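Shown next, in structure tokens, is the structure this report addresses.
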Amino acid sequence: MNIENLLKYQKLDEELFKVEQKLVNSPYRKKANELASIAKKAQAKSTELENEAEKLISDIADLKEKFKINKTKADEMLESNLEGMDSEDIEKLNGLKGKIVSNLNILEKMLQKSAENINHILSEFNKTKKLYDEARSQFAVCKQKIDEETKTLEPEKEKFRKELLVLEKDVEPELMAEYKKKRNDNIFPVIVPLEGNNFCGRCRMELPKVAISRIKEKGVITCEHCKRFIYQK
Ligand SMILES: [Zn+2]
């Protein structure tokens, strides 16, 4: 198996890889990822706040209903005729009146608290929306920068791709196909030399004796740990 041609191919492929890495490691890309994550979190928070508000609004409706019932009772009592009532009845009535007044007070406080909570949710919602909008607009700026970078580097990449196509013809098709598969899995370098007598030149995993003899036989073996091709210099 002719390893030399594949090594030659990889040497040029490394130039393409470097350009690709420039794009992958672009600070704009990193920033864009961060912003996307912020926007996503803000969106989740908005949904959470919406649910909270919905529950609160339903709670307020309940409280209002209870308030109405107690208020009606209180009004009825005010209109009730005390004439003909004995002192025991009047005492009962007064006791009930006290309870209703206390209920009304409690309900009023709860309603007030709910109104405060609604205001708090609303302010949180506005804050979250602002955060989301800012993240989105900054993301758009980053995206534009990334597109510009990609566009600028594309001719360079294209040049390497064309040159690689020429070199590719001198590599055994099966080996080339395997190489490309690994390369697509973001493995680079794809082919590395044996280190010492029995170590993978990349991940330093110790190779079994049988693997070493297979290198001699086949030209390359695949490291079981880092999946790279290993050849002997
Ligand atoms: Zn390895």
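Each reported figure results from applying straightforward, stated rules to the coordinates on display, with no laboratory input. Here the structure is a predicted model, which is why all the values come from computation and not from measurement. Ideal geometry is used to build each Cβ from the backbone, glycine not excepted, and the neighbour counts take in all protein chains shown.
Report, by chain and number, residues whose modeled amide H sits under 5 Å from the one on Ile187, excluding near sequence neighbours (fewer than 5 apart, same chain).
It is none; the list stays empty.
Work out how much length Lys73 to Asn117 would gain on full extension: take 0.36 nm times their residue separation and subtract the Cα-Cα distance, in nm to one decimal.
Extending this stretch completely gives an extra 13.0 nm.
Using the alpha carbon gyration tensor of the chain, what are the three equivalent-ellipsoid semi-axes (square root of 5 times each eigenvalue), largest first, in whole Å?
Over the Cα atoms of the chain, the ellipsoid semi-axes are 80, 23, 11 Å.
Distance between the C-alpha centers of the range 66-99 and the range 165-193? Whole Å please.
92
Among the lysines, which have Cα under 22 Å from the Cα of Lys227 when same-chain residues fewer than 8 positions away are ignored?
Hits, sequence-local ones excluded: Lys8, Lys11, Lys18, Lys180, Lys181, Lys182, Lys209, Lys216, Lys218.
Suppose R0 equals 30 Å. What FRET efficiency, 1/(1 + (r/R0)^6) with r the Cβ-Cβ distance, do Lys233 and Leu23 give to the nearest 0.05?
After rounding to 0.05, the efficiency reads 0.40.
Which percent, to the nearest 5, of DSSP beta bridges fully inside the chain are antiparallel?
Restricted to the chain, the bridges split so that about 65 percent are antiparallel.
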